[in-house]
Amino acid sequence: MSSPRRDDLLGELFRNPLDPGYAAAAARRGDASPPKSGRWLTAAAMLAIGFLLAVAYHQVVAAAPGTTKARADLVADVQARQRTADDLQRRAAELRTQVDQARDDAVGDADSAARLKALAAGTGTSKVTGDGASVRVVDAPPQVDPVTGRAAAENLGLVTDRDLQDIANGLWQAGAEAVAVNGQRLTATGTIRAAGGVILVDFRPVTSPYEVTAIGPPGLADSFGSSGTAKRFKRYIEEYRMQFSVKKRTNLTLAAAAEPPLRYARTPSPTPSGGPTR
Amino acid sequence: MIAVIALAIGVAAGIFIEPSVPLGLQPYLPIAVVAALDAVFGGVRAKLDGIFDDKQFVVSFVSNVLVAGLIVYLGDKLGVGGQLSTGVVVVLGVRIFGNVAAIRRHLFRA
C-alpha cells in the first residue's frame with residue numbers, strides 16, 4: 001500500500017466524509033454554548049428537505065411509465081376474470097352432476113341410464129377416470145448464440161398444432177377412449193388449431209409444456225411409444241432439442257368437455273302426438 | 001427534536017400539497033435530493049460527534065443543493081449532463097456512506 005497523498009481527492013473523501021466546516025466551527029466556538037437563534041434556521045432547512053423528499057417521491061410515482069401501470073391493470077383484470085371463470089367452471093361442474101343425477105332419476109330404467117352414461121363418457125361430455133398414458137412435449141429452448149448471448153430469431157423446435165394433432169390421433173389409434181390436451185378434453189367436434197402463434201384447443205389457448213393425457217387399454221403407453229408418431233418425436237429430440245416423453249399413468253381423471261352449443265337446432269316444444277311436425 | 005418535527009411537517013406538506021414540479025426543474029430534483037441527504041447525514045453525524053453547528057448545517061445544505069444544481073445545469077448546456085450528474089452522485093454518495101458508517105459506529109458501537 002502506498003502512503004496516502006495529500007492531493008488524493010477520493011481517498012480524502014473516503015477517509016474524512018464529514019464537512020470540515022463542522023470541526024472548524026466547533027473549534028471557533030470553543031466551550032461556549034451554541035446560539036439559540038440557529039435552531040430555527042435548522043428547522044427551516046429540515047422543513048425544506050422534508051418537502052423536497054416528498055416532492056421527489058411524488059415525482060417518481062407520477063413518472064412511473066404509463067405502460068407499466070396499464071400492464072399492472074391488465075394483469076389484475078386477467079386475474080379477476082380467471083377467478084370468475086374458475087368459479088363458473090366449478091358451478092358448471094356442480095350443475096352437471098345435478099343434471100346427471102336428475103336425468104338418472106328421470107330415466108328410471110337402469111339399463112338406459114347405464115347406456116346413457118357410457119355414451120356420455122365416450123363422447124366426452126362427462127368426466128371419466130381410469131388408467132392410461134400421458135405424453136409430454138415441450139418447446140425447445142431458443143438457440144442462444146454463444147458469442148453475443150442473443151437468442152436466435154427462429155426456433156425450429158417449437159411444438160405446433162399439427163404435432164399435438166398427431167399425438168392425439170396416435171393416442172386414439174392406440175386405443176385411447178378419452179384424450180385431453182392440458183386438461184382440455186377432446187371430443188368428436190374438438191379442434192386443435194393455431195392462431196397467431198398460440199395453439200388453441202377448442203378455442204382455448206394452451207401453452208408449453210403440453211401434456212396430452214389419455215385413458216385406454218393397459219398397453220396404451222407402450223403401443224403409442226412404439227408408433228410412428230412417437231418415433232418421429234424421438235427424432236425431434238435430437239434434431240430440435242424438443243422434449244418428448246411418454247409415461248404410463250394410473251388413476252387419471254379427465255374433465256368433461258363443454259357441451260357443444262346448438263346454434264340452429266332447437267328441441268321441439270312437446271307435441272301431444274310426439275310425431276314429426278310438418 | 002425541533003429538526004425532526006420540522007422534517008415530518010415538511011414531508012406531510014409535500015404529500016398533502018402535491019406540488020407539480022415545472023418541467024424545467026425536473027432534472028435537478030434527483031440531484032437535489034442526493035445533496036439534501038448528504039447535508040442531513042452530515043448534520044446527524046456532527047450532532048453525534050457533538051460538534052453540530054446550525055449555521056454550518058444550513059449553509060452546507062443550501063450550497064450543496066445549489067452547487068449540485070449548477071453542475072447539472074452546466075452539464076446540460078455542455079452536452080455532458082449525464083457524466084457530470086454521475087460525478088455529483090459518486091462524490092455525494094461516498095460522503096453519505098462514510099457519514100452513515102460513522103453514525104452506525106456511534107449508535108451500535110460496531
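The values are calculated or read from the model by the stated rules, or taken from the named source; none is laboratory data. Quick caveat, the model's predicted, so the values are computed rather than measured. Glycine gets a Cβ as well: all are built from the backbone with ideal geometry, and neighbour counts include every protein chain shown.
Quick one: is A:Ala114 in contact (Cβ under 8 Å) with a residue 40 or more places away in the chain and either surrounded by 10 or more Cβ atoms within 10 Å (Cβ to Cβ) or within 14 Å of chain B (Cβ to nearest Cβ) (or both)? Spell out the reasoning first.
Working: in contact (Cβ under 8 Å) with a residue 40 or more places away in the chain: no; either surrounded by 10 or more Cβ atoms within 10 Å (Cβ to Cβ) or within 14 Å of chain B (Cβ to nearest Cβ) (or both): yes.
Considered against the rule, which asks whether it is in contact (Cβ under 8 Å) with a residue 40 or more places away in the chain and either surrounded by 10 or more Cβ atoms within 10 Å (Cβ to Cβ) or within 14 Å of chain B (Cβ to nearest Cβ) (or both), A:Ala114 comes out as no.
From the list A:Lys234, A:Lys247, which residue is more than 15 Å from A:Gln165 (Cα to Cα) and surrounded by 14 or more Cβ atoms within 10 Å (Cβ to Cβ)?
Working: A:Lys247 fails: surrounded by 14 or more Cβ atoms within 10 Å (Cβ to Cβ).
Of the residues listed, the single one that is more than 15 Å from A:Gln165 (Cα to Cα) and surrounded by 14 or more Cβ atoms within 10 Å (Cβ to Cβ) is A:Lys234.
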**Request:** Determine which single condition A:Gly175 fails, assuming it passes every other condition in (1) exposed (fewer than 15 other Cβ atoms within 10 Å of the Cβ); (2) within 22 Å of A:Thr125 (Cβ to Cβ); (3) more than 27 Å from the chain's Cα centre (by Cα).
**Result:** (1)
**Asked** In the stretch B:12-25, what residues are surrounded by fewer than 20 Cβ atoms within 10 Å (Cβ to Cβ), within 7 Å of chain A (Cβ to nearest Cβ) and at negative phi?
**Response** B:Ala13, B:Ile15, B:Pro19, B:Val21
**Message:** A:Val212 - would you say it is modelled with pLDDT of 90 or more, touching a Leu at 6+ places or on another chain (Cβ under 6 Å) and either buried (at least 20 other Cβ atoms within 10 Å of the Cβ) or not β-branched (Val, Ile, Thr) (or both)?
**Reply:** no
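Tell me whether the stretch A:67-87 contains one or more residues that are surrounded by 10 or more Cβ atoms within 10 Å (Cβ to Cβ), under 30 Å from B:Val65 (Cβ atoms), outside the structural domain of A:Gly183 (by TED's automatic domain parsing) and among the hydroxyl-bearing types (Ser, Thr, Tyr). If you could, list the steps in order and put the result at the bottom.
We begin by selecting, within the stretch A:67-87, every residue surrounded by 10 or more Cβ atoms within 10 Å (Cβ to Cβ); these are A:69-87.
Checking which are under 30 Å from B:Val65 (Cβ atoms) leaves us with none.
The answer is no; no qualifying residue exists.
Kindly indicate the residue of the stretch B:27-51 that is part of a loop (DSSP other than H, G, I, E, B) and more than 7 Å from chain A (Cβ to nearest Cβ) and also farthest from the chain's Cα centre (by Cα) among those meeting that condition.
Narrowing the stretch B:27-51 to residues part of a loop (DSSP other than H, G, I, E, B): B:27, B:50-51.
From the residues that got through so far, the ones that are more than 7 Å from chain A (Cβ to nearest Cβ) too are B:27, B:50.
On the way: B:Pro27: 15, B:Gly50: 21 Å.
Filtering the stretch B:27-51 for residues that are part of a loop (DSSP other than H, G, I, E, B) and more than 7 Å from chain A (Cβ to nearest Cβ), the one farthest from the chain's Cα centre (by Cα) comes out as B:Gly50.
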